[in-house]
Every structure is written in structure tokens, then in C-alpha cells.
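Where a number appears in this text, it was derived from the coordinates with a stated rule and is not lab data. Here the structure is a predicted model, which is why all the values come from computation and not from measurement. Because the Cβ atoms are built from the backbone with ideal geometry, glycine has one as well, and the counts that use them run over all protein chains shown.
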Amino acid sequence: MPRRSRKKARVELNIADHRHCEVCGKVIPPGEKYCSPKCEEKAAKERQSMERLRKVWIAMIIIFIALMIVPYLFQMLGG
Ligand SMILES: [Zn+2]
């Protein structure tokens, strides 16, 4: 019996130690990020589009702030 319980504990440790593919959610060994190069490629593409979206957002926020500030600047300059 002690042998069996030791084996079970090891299995539980493995379950606690595993990771999931960030793209499809498949179980992968610890240290790995994706289950296949295909998923890695997909994740890279997603990250690129996310970064592009973030840049667009930052640009929009900067334009918005500029639009808010510019009238104030003109008021200050105009007295
Ligand atoms: Zn995957």
C-alpha cells in the first residue's frame, strides 16, 4: 500500500506541474509555452495584432489629449 500511495502522490505532482498551451489549451510539459509550432505562430500573430491595436489606441489618446490641451494653449497665448 505505501508504494501505491507514493505513486499517486507523484502523479498528483505532475498534474500540478503541467501547463496549458496559450493558444488551444492543450496540456503541455512545464517550460513549454505552446503545444506546436503552429500554435506558437498563431500566438505571435495575435501578439502583433494586439500591439498594433495598442499603438492605435495610444495614438488616439494622444490626439484626444492634444485636442483637449490645444484650445487651452491658444487661450493662454491669446490672453
Ligand atoms: Zn496549442
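Report the net charge of residues surrounding A59, where surrounding means a beta-carbon distance below 13 angstrom and charges are Lys +1, Arg +1, Asp -1, Glu -1.
+2
Hey, what do the phi angles of the range 28-41 turn into as Karplus ³J(HN,Hα) couplings, whole Hz, using 6.51/-1.76/1.60 and θ = phi - 60°, x for Gly and Pro?
10, x, x, x, 8, 10, 10, 7, 8, x, 4, 5, 4, 5
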